[in-house]
Amino acid sequence: MSIADALRTATAGLAPTSDTPRLDAELLMAHALGLARTDMLLRQRDLMVPPGFADLLARRMAGAPIAHITGIRDFWTITLRVTPDVLIPRPDSETLIEAAVAHFGGRGPATILDLGTGSGALLLAALDQWPGARGVGVDASPAALAVAQDNARRLGFADRAEFALGDWGAGIGGAFDLLLINPPYIARDAALSGDVLHEPGCALFAGIDGLDDYRRIAPDLPRLIAPNGLAAIEIGHGQRASVSALFEAQGLAVSALPDLAGKDRCLAATRD
Ligand code: GLN
């Protein structure tokens, strides 16, 4: 079977279980061949379907996220290693980096704090964006910190990234030019389906209304944001007013930025 035929058949097979069946099929084919997706697409007429492809496809059809099958996920300008111990980085979260680019422009932040760093996605994307910056990634999960540390090393940022076990802003001294925060924000009883069922609950759920972690983070923000600094905080659908109110109660100025789908996704909080 040609690559083109195999991709067509796989896309049809994945359609009932995936929102992105064609993309999934291409990513799995590229992974089976050990190629980047674009290289696989360009060279497909010269290639054969590798024997491992059927097994990868079967795992995806059984519900495993693509990032767990391939072990990697692209985010902003970097490729991260991903395990079931961390949230799979999402394109929506790139809105936080866009907010930082809009705030700092070419000048860039010198110091960055990523609270709930998970795979390290936000911190490492920011370090790639601003080669002069240094940063700290904090997480409550030792397993997640190991993934983040490994990603920092693989990307060549080990000398600019530190990682620490922690509980949001508790015990963190000093102030940072840029804070990047993607806390859990899904209400405890929300009905979920798809890839999210394979991700760590501690990265997703935040109490009865999804706001528990924002309530705990908010009081530390004024002290952690340096003068002229920015905190870029991810929010869930419909949380703009409630989370803005929590930050405004701490004396912060707050504006919202939409993701690519046009939904409010990031709150930009500053001290003035
Ligand atoms: N955006 C994720 C989702 O809706 C949730 C991530 C989070 O809680 N930080 O699946």
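The values are calculated or read from the model by the stated rules, or taken from the named source; none is laboratory data. The structure presented is a predicted model; accordingly, all values stated were derived computationally and were not measured. Positions of Cβ are backbone-derived with ideal geometry, glycine not excepted, and every protein chain shown enters the neighbour counts. SASA here: full protein model, heavy atoms, side chains in, ligands and nucleic acids out. Shrake-Rupley method; radii C 1.70, N 1.55, O 1.52, S 1.80 Å.
Within the bounds of segment 93-102, is there any residue that is farther than 21 Å from P183 by Cα, among the hydrophobic types (A, V, I, L, M, F, W, C) and open to solvent by 10 Å² or more (accessible area, probe 1.4 Å)? Yes, there is a match, as at least one residue in segment 93-102 is farther than 21 Å from P183 by Cα, among the hydrophobic types (A, V, I, L, M, F, W, C) and open to solvent by 10 Å² or more (accessible area, probe 1.4 Å). In segment 195-206, the residues that are free of Cβ contacts under 8 Å to residues at least 40 places away in the same chain form Cβ pairs under 6 Å with partners that are acidic (D, E) and more than 8 Å from the ligand (Cβ to nearest atom), at six or more places apart or across chains, as follows: A206/D212; A206/D213.
With the requirement that a residue be hydrophobic (A, V, I, L, M, F, W, C) and within 20 Å of the chain's Cα centre (by Cα), what does segment 202-217 give you? Scanning segment 202-217 gives C202, A203, L204, F205, A206, L211, I217. Identify all residues within segment 48-62 that are farther than 21 Å from H198 by Cα and open to solvent by less than 30 Å² (accessible area, probe 1.4 Å); write none if there are none. Listed by number, the residues that qualify are P50, F53.
Conditions (1) surrounded by fewer than 20 Cβ atoms within 10 Å (Cβ to Cβ); (2) of a type in the set (D, E, K, R); (3) at pLDDT 95 or above, marked per residue:
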{"position": "L41", "(1), (2), (3)": "yes, no, yes"}
{"position": "D46", "(1), (2), (3)": "yes, yes, yes"}
{"position": "A64", "(1), (2), (3)": "yes, no, yes"}
{"position": "R73", "(1), (2), (3)": "no, yes, yes"}
{"position": "P84", "(1), (2), (3)": "yes, no, yes"}
{"position": "L87", "(1), (2), (3)": "no, no, yes"}
